[in-house]
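Chemist: First the structure, then my questions, so here it is.
The values are calculated or read from the model by the stated rules, or taken from the named source; none is laboratory data. Just so it is clear, the model here is predicted, and its values are computed rather than measured. Here the Cβ positions follow ideal geometry from the backbone for every residue, glycine too, while neighbour counts run over all protein chains shown.
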Amino acid sequence: MLPRSVMSSAGTDSLRTRAESGNMRKKPENCIIVIFGAGSDLASRKLFPALFELAARGHLPEHYLIMGTGRAGISTEEFRREVAGKLAKFAPVGPDKTDALEAFIGRLRYVKADFLEPGDYDNLREQLADASSIGACGSNLLFYLAIPPGLASQVVRNLDGAGLGGRQVRCGEWRKIVVEKPYGTNLGTARELNRIIGGVFSEEQVFRIDHYLGKETVQNILVFRFSNGIFEPIWNRHFIVNVSITIAEDFGIRDRGAFYEETGLLRDIFQNHALQLLAAVAMEPPVDFAADSVRDEKAKLLRSIRLFDASEALRSVVTGQYEGYHSEKNVDPGSPVETFAAVKLFVDNWRWKGVPFFIRAGKNLSETMTEITVTFGCPPQNFFGPADSCSYIANQVIFRIQPEETIAVRFGAKRPGEELITDPVFMKFDYSTSFSEKGLTPYHRLLLDAMAGDQMNFIRQDSVEYSWAIVDSIRKSLEGRLPEPYAVHSNGPESLQDLYR
């Protein structure tokens with residue numbers, strides 16, 4: 001049962017992390033997953049398909065329930081039909097999974113709730129208590145906020161007011177909350193949101209999700225760096241001349257005009273995806289592979305990134321807006337919002353001092369891809385061509401995050417024939433051809449991690465604030481400077497090339 005007032009405890013679960021228990025992941029404990037915004041696009045496209053696949057594979061606990069909440073006044077049966085329709089659209093089920101689908105749909109419940117109405121949370125608490133006793137799920141609760149970020153603070157306050165906060169659990173039970181990005185809109189709002197959530201849930205109960213951290217290739221960056229002796233000794237300023245991170249999409253903002261007008265590319269992509277990729281590729285080795293040890297090093301790295309002033313931004317930041325943006329739905333005809341940004345960053349620590357990190361991200365570019373390229377310096381003397389030809393065959397390590405999932409090493413090799421001519425060649429590792437086992441998608445993995453209490457692939461409070469400090473300094477230094485127009489399906493603004501000189 002879930003009484004309104006119970007004794008306080010941190011509510012952390014007893015499961016050991018994967019680092020402590022080896023490669024075998026324990027099945028999560030019995031629980032109820034509460035999805036705020038069960039009718040949202042995120043829930044339809046990502047959460048319900050991921051949860052169903054986890055259930056079909058036997059990864060969910062023996063006793064679990066999924067309780068959707070929203071403003072719609074529908075019954076549980078209507079909700080089940082809606083979710084079945086969403087699964088048919090976004091996760092088609094083969095004949096071999098018909099029984100699994102029927103069992104999954106039977107685990108769904110629905111409670112009408114206005115997220116801003118405190119009284120509705122009392123009803124939610126009572127419905128959870130009834131569902132817990134009927135379904136033998138216990139009182140472990142995972143709250144997933146699939147809602148507009150601006151509602152998060154009020155939902156957390158209302159949970160606390162109804163006795164559903166993270167600090168209001170019995171010994172041996174747990175409560176956790178998953179919060180979607182963007183986590184605030186600047187450093188000030190992020191700190192305020194951290195303060196509100198921190199008053200209701202302990203940091204160990206908060207899971208700030210960035211689905212990029214669940215991608216297979218992103219997770220493999222740390223394994224690549226710290227388990228291979230041929231790379232770690234040269235992963236520093238003495239051998240690496242630059243690092244480039246690209247997050248490109250060949251489509252525009254689609255139906256997200258209102259969101260983009262408030263956010264822009266820098267706050268949408270840089271503050272989370274881009275800086276988290278940079279942290280993974282540049283962080284120091286952790287003392288062990290426990291979640292907090294890894295997140296300690298990521299936070300230190302983000303704190304080491306040099307902030308911007310107006311003169312630095314003039315040399316090191318290019319922003320752009322694709323032609324036709326003003327005609328998109330819900331976009332101001334005179335909008336100065338950027339849909340492209342390229343930034344040259346410097347990490348002021350012992351390992352990376354003086355090495356430029358280039359981040360380029362944008363909409364309506366020539367292709368959709370996410371890639372990290374680590375470029376190494378030239379040998380002291382070039383015997384195989386003109387002195388300036390080294391860049392043509394530069395040694396590189398290339399992490400392709402999407403659409404393919406590959407890691408490639410680029411080096412020079414002799415072209416066949418009598419002449420001594422060097423060409424660049426690649427050694428490539430491809431997940432799709434190297435492994436027969438199909439990995440989990442990011443949301444599969446991160447949902448399981450949250451239920452198990454493994455925070456390795458979630459963003460900690462201090463990292464959020466360090467990231468916002470960087471983005472805020474860029475945006476402040478750009479005040480009064482309009483983004484450059486660029487052609488659709490190009491590589492970005494023309495002045496982009498000046499950034500790399």
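Chemist: Which residues, taken from region 158-184, are among the aliphatic types (A, V, I, L, M) and either closer than 30 Å to residue 275 by Cβ or surrounded by fewer than 17 Cβ atoms within 10 Å (Cβ to Cβ) (or both)?
Modeler: Let us first name the residues in region 158-184 that are among the aliphatic types (A, V, I, L, M), namely 159, 162, 164, 169, 177-179.
Residues satisfying the conditions are 159, 177, 178, 179.
Chemist: When you scan region 217-228, do you find a residue that is surrounded by 22 or more Cβ atoms within 10 Å (Cβ to Cβ), at pLDDT below 95 and at positive phi, even just one?
Modeler: Looking for residues that are surrounded by 22 or more Cβ atoms within 10 Å (Cβ to Cβ), at pLDDT below 95 and at positive phi, one finds none in region 217-228, hence no.
Chemist: Just name the residue that is surrounded by the fewest Cβ atoms within 10 Å (Cβ to Cβ) out of those in region 26-76 that are closer than 15 Å to residue 131 by Cα and either among the β-branched types (Val, Ile, Thr) or not assigned by TED's automatic domain parsing to the domain that holds residue 172 (or both).
Modeler: 76
Chemist: Do we have residue 282 as crowded, with 19+ Cβ neighbours inside 10 Å and out of contact with any Pro (no Cβ under 6 Å at 6 or more places or on another chain) here? Walk me through it before giving the result.
Modeler: Details: crowded, with 19+ Cβ neighbours inside 10 Å: yes; out of contact with any Pro (no Cβ under 6 Å at 6 or more places or on another chain): yes.
When the stated conditions are applied, residue 282 passes them.
Chemist: Would you tally the residues in region 415-441 being in contact with a helix residue (DSSP H, G or I) (Cβ under 7 Å, 6 or more places away or on another chain) and at pLDDT 90 or above?
Modeler: Of the residues in region 415-441, 0 are in contact with a helix residue (DSSP H, G or I) (Cβ under 7 Å, 6 or more places away or on another chain) and at pLDDT 90 or above.
Chemist: Okay, next question. Which one is surrounded by the fewest Cβ atoms within 10 Å (Cβ to Cβ) among residues in region 94-115 that are of a type in the set (A, V, I, L, M) and over 27 Å from the mean Cα position of the chain (by Cα)?
Modeler: Across region 94-115, the extreme among qualifying residues is 103.
Chemist: While we're on this one: Please go through region 169-182 and give me each residue that is closer than 24 Å to residue 446 by Cβ and at pLDDT below 90, ordered by number. Give the derivation first.
Modeler: Step one: of region 169-182, the residues closer than 24 Å to residue 446 by Cβ are 169, 173-182.
169, 173, 181, 182, listed by residue number.
Chemist: Under the condition of being aliphatic (A, V, I, L, M) and modelled with pLDDT of 95 or more, which residue from region 305-317 is surrounded by the most Cβ atoms within 10 Å (Cβ to Cβ)?
Modeler: Ranking the qualifying residues of region 305-317, first place goes to 305.
Chemist: Of everything in region 134-168, what is outside any loop (DSSP other than H, G, I, E, B), more than 24 Å from residue 185 (Cα to Cα) and modelled with pLDDT under 90? Give them in sequence order.
Modeler: First, the residues of region 134-168 that are outside any loop (DSSP other than H, G, I, E, B): 134-135, 141-145, 149-161.
Next cut, more than 24 Å from residue 185 (Cα to Cα) only: 134-135, 141-142, 161.
Once the filter is applied, which keeps residues that are outside any loop (DSSP other than H, G, I, E, B), more than 24 Å from residue 185 (Cα to Cα) and modelled with pLDDT under 90, region 134-168 yields 134, 135.
Chemist: Scan region 318-330 and tell me whether some residue there is of a type in the set (A, V, I, L, M, F, W, C), surrounded by fewer than 21 Cβ atoms within 10 Å (Cβ to Cβ) and either touching a helix residue (DSSP H, G or I) at 6+ places or on another chain (Cβ under 7 Å) or touching a residue at least 60 places away in the same chain (Cβ under 8 Å) (or both).
Modeler: Taking region 318-330 first, the residues of a type in the set (A, V, I, L, M, F, W, C) are 318.
Checking which are surrounded by fewer than 21 Cβ atoms within 10 Å (Cβ to Cβ) leaves us with none.
No; the residues of region 318-330 include none that is of a type in the set (A, V, I, L, M, F, W, C), surrounded by fewer than 21 Cβ atoms within 10 Å (Cβ to Cβ) and either touching a helix residue (DSSP H, G or I) at 6+ places or on another chain (Cβ under 7 Å) or touching a residue at least 60 places away in the same chain (Cβ under 8 Å) (or both).
Chemist: So which of 445, 410, 501, 481 ends up being modelled with pLDDT of 90 or more, basic (Lys, Arg) and in a loop (DSSP other than H, G, I, E, B)?
Modeler: Numbers: 445 fails: in a loop (DSSP other than H, G, I, E, B); 410 fails: in a loop (DSSP other than H, G, I, E, B); 501 fails: modelled with pLDDT of 90 or more.
Answer to the check: 481.
Chemist: Where residues in region 339-363 are under 21 Å from the mean Cα position of the chain (by Cα) and in a loop (DSSP other than H, G, I, E, B), which of them is surrounded by the most Cβ atoms within 10 Å (Cβ to Cβ)?
Modeler: Filtering region 339-363 down to residues under 21 Å from the mean Cα position of the chain (by Cα) leaves 339-343, 345, 357-363.
From what's left, in a loop (DSSP other than H, G, I, E, B): 339, 363.
On the way: 339: 26, 363: 24.
Residue satisfying both the conditions and the ranking: 339.
Chemist: Given the criterion crowded, with 18+ Cβ neighbours inside 10 Å and part of a helix (DSSP H, G or I), identify the matching residue among 247, 253, 269.
Modeler: Working: 247 fails: part of a helix (DSSP H, G or I); 253 fails: part of a helix (DSSP H, G or I).
Of 247, 253, 269, the one residue that is crowded, with 18+ Cβ neighbours inside 10 Å and part of a helix (DSSP H, G or I) is 269.
Chemist: Moving on to the next point. Tell me the residue from 296, 292, 288 that is assigned by TED's automatic domain parsing to the domain that holds residue 219, of a type in the set (Asp, Glu) and either in a loop (DSSP other than H, G, I, E, B) or surrounded by 21 or more Cβ atoms within 10 Å (Cβ to Cβ) (or both), please. Before the answer, list the steps.
Modeler: Numbers: 296 fails: either in a loop (DSSP other than H, G, I, E, B) or surrounded by 21 or more Cβ atoms within 10 Å (Cβ to Cβ) (or both); 292 fails: either in a loop (DSSP other than H, G, I, E, B) or surrounded by 21 or more Cβ atoms within 10 Å (Cβ to Cβ) (or both).
Matching residue, one of 296, 292, 288: 288.
Chemist: Oh, and also: Just give me the residues in region 226-244 being free of Cβ contacts under 8 Å to residues at least 24 places away in the same chain and either basic (Lys, Arg) or not in a loop (DSSP other than H, G, I, E, B) (or both), in sequence order.
Modeler: Matches in region 226-244: 233 only.
The rows are residues; the columns are (1) assigned to a loop (DSSP other than H, G, I, E, B); (2) in the same structural domain as residue 239 (by TED's automatic domain parsing); (3) farther than 23 Å from residue 500 by Cβ; (4) out of contact with any His (no Cβ under 9 Å at 6 or more places or on another chain).
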| position | (1), (2), (3), (4) |
| --- | --- |
| 315 | no, yes, no, yes |
| 320 | no, yes, no, yes |
| 336 | yes, yes, yes, yes |
| 382 | yes, yes, no, yes |
